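The values are calculated or read from the model by the stated rules, or taken from the named source; none is laboratory data. Remember, it's a predicted structure, so these values are computed and weren't measured experimentally. Glycine also receives a Cβ, built like all others from the backbone with ideal geometry; neighbour counts cover every protein chain displayed.
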Amino acid sequence: RIGSILILLVITGCELPPPRPSAPLSNDIPKVIDLQFEGDFGGMSQDWTLLNSNALSQINFNINSYSLIDSIIFKASLRSQQQNIRCRVELFNLTDGVPIDGSILLSRVRYELHTVRSGNIKFNIPTKELILGVRIKSESSKNYVEARHFSLLIYYH
């Protein structure tokens, strides 16, 4: 019996099959924390309007509390009634009274609510305790806009 196995190995060339790709380790899979701002906005104001001034519409945030952050993305669902007049939404640092650079989102589709994401704003968020909020406006007082489903997405390993 051992002789027949040896003959079989010699005939087939004694090569081992190629190794199977290994599954990624669980630590290599990116994870995401989704911090949501409660509330929606609908209106025609050309002035920046802060999303509800209650605690559920604001997030106490300290980037130093999170380790191994790859990126931070701001996202929202937006809509504009008129073509070429957009809804504008941005992440706002309520602690210092300034917008977070790179967080502005603009509606791109007329009538339909659609999701828009910022680029990576990780390096634009101050490294201290903050209260973050969302503010919204229309580019024209003759244009109705809507904004909903606001999230701060924190991607990490």
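Please pick out the residue among Lys142, Lys128 that is out of contact with any Phe, Trp or Tyr (no Cβ under 6 Å at 6 or more places or on another chain), surrounded by fewer than 16 Cβ atoms within 10 Å (Cβ to Cβ), over 19 Å from Ser77 (Cβ atoms) and modelled with pLDDT under 95.
Criteria check complete, one pass: Lys142.
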Give the range 82-112 a look and list any residue that's within 17 Å of the chain's Cα centre (by Cα), assigned to a loop (DSSP other than H, G, I, E, B) and not charged (D, E, K, R), or say none.
Ile100, Gly102, Ser103, Ile104, Ser107
Pairs under 8 Å by beta carbon, first residue β-branched (Val, Ile, Thr) in the range 106-118, partner part of a loop (DSSP other than H, G, I, E, B), six or more apart or different chains?
Val116/Ser107; Val116/Arg108
Output the residues belonging to the range 96-125 that are of a type in the set (D, E, K, R) and modelled with pLDDT of 95 or more.
Asp96, Asp101, Arg117, Lys122
What about Lys137, is it part of a loop (DSSP other than H, G, I, E, B) and more than 14 Å from the chain's Cα centre (by Cα)?
no
Given (1) touching a Phe, Trp or Tyr at 6+ places or on another chain (Cβ under 9 Å); (2) of a type in the set (D, E, K, R); (3) at pLDDT below 95, index of the condition Arg88 fails
(3)
Restricting attention to the range 42-81, and to residues there that are in a loop (DSSP other than H, G, I, E, B) and touching a Gly at 6+ places or on another chain (Cβ under 7 Å), which single residue is farthest from Ile125 (Cα to Cα)?
Asn52
Specify the residue that is surrounded by the fewest Cβ atoms within 10 Å (Cβ to Cβ); the eligible residues are those in the range 64-90 that are of a type outside the set (Lys, Arg) and within 15 Å of Gly43 (Cα to Cα).
Gln82
